[in-house]
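The values are calculated or read from the model by the stated rules, or taken from the named source; none is laboratory data. The structure presented is a predicted model; accordingly, all values stated were derived computationally and were not measured. Neighbour counts run over all protein chains shown; Cβ positions are idealised from the backbone, glycine included.
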Amino acid sequence: MLIKSGVVHIDRRSPARTVEVMQTLNPVNGRLRDPRRLCSGQTLLCRSLGLKVPDWNQAQLRPSRFVLEDVGIVPEKLIQCRRLGIPAGRDEHLPYRFVDAAEAHRATRNPLRDEHRVISR
């Protein structure tokens, strides 16, 4: 699985003060980044989480280093579309990008503007 973006989630295990840490790690023009845009692409996601390519490139996910937790959010609709930035001749036509329709407006490039397929749940 390849995760290319995310949405800030606040709960008892991830309190609001963690957003401040993410903003400090990922400023924009010397100011704190809007929490709604902190993780809206792979570069922003990695910066906000303090992930460095040399440490994680092709590394297996080890729960002792990084935890992914299911918080029970299930999208009503998924949008299936082509991935961004795939060079011609390298499966650019394949619909390998999946976006929660309710969060599509946060995406680096909004898939609602392009050809896509809606997958209802």
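Residue selection: VAL21 satisfies the criterion of being of a type in the set (A, V, I, L, M), over 17 Å from LEU2 (Cβ atoms) and either surrounded by 10 or more Cβ atoms within 10 Å (Cβ to Cβ) or at pLDDT below 85 (or both). Just one residue in the set PRO15, PRO27, PRO35 is within 22 Å of VAL99 (Cβ to Cβ) and more than 10 Å from the chain's Cα centre (by Cα); that residue is PRO35.
Taking residues in segment 1-13 that are within 15 Å of GLN23 (Cβ to Cβ), and partners anywhere that are of a type in the set (Gly, Ala, Ser), the pairs with Cβ atoms closer than 6 Å and at least 6 places apart or on different chains are ILE10/ALA16. Scanning segment 41-59 for residues that are surrounded by 17 or more Cβ atoms within 10 Å (Cβ to Cβ), within 10 Å of LEU25 (Cα to Cα) and small (Gly, Ala, Ser) yields one hit, SER48. Look at segment 69-86: where a residue is farther than 13 Å from VAL99 by Cβ and a partner is part of a loop (DSSP other than H, G, I, E, B), sitting 6+ places away or on another chain with Cβ atoms under 8 Å, you get GLU69/ARG13; VAL71/HIS9; VAL71/ASP11; ILE73/HIS9; VAL74/ARG121; ILE86/GLU92. Of the residues in segment 40-79, how many are of a type in the set (D, E, K, R) and within 17 Å of ARG13 (Cα to Cα)? Count: 3.
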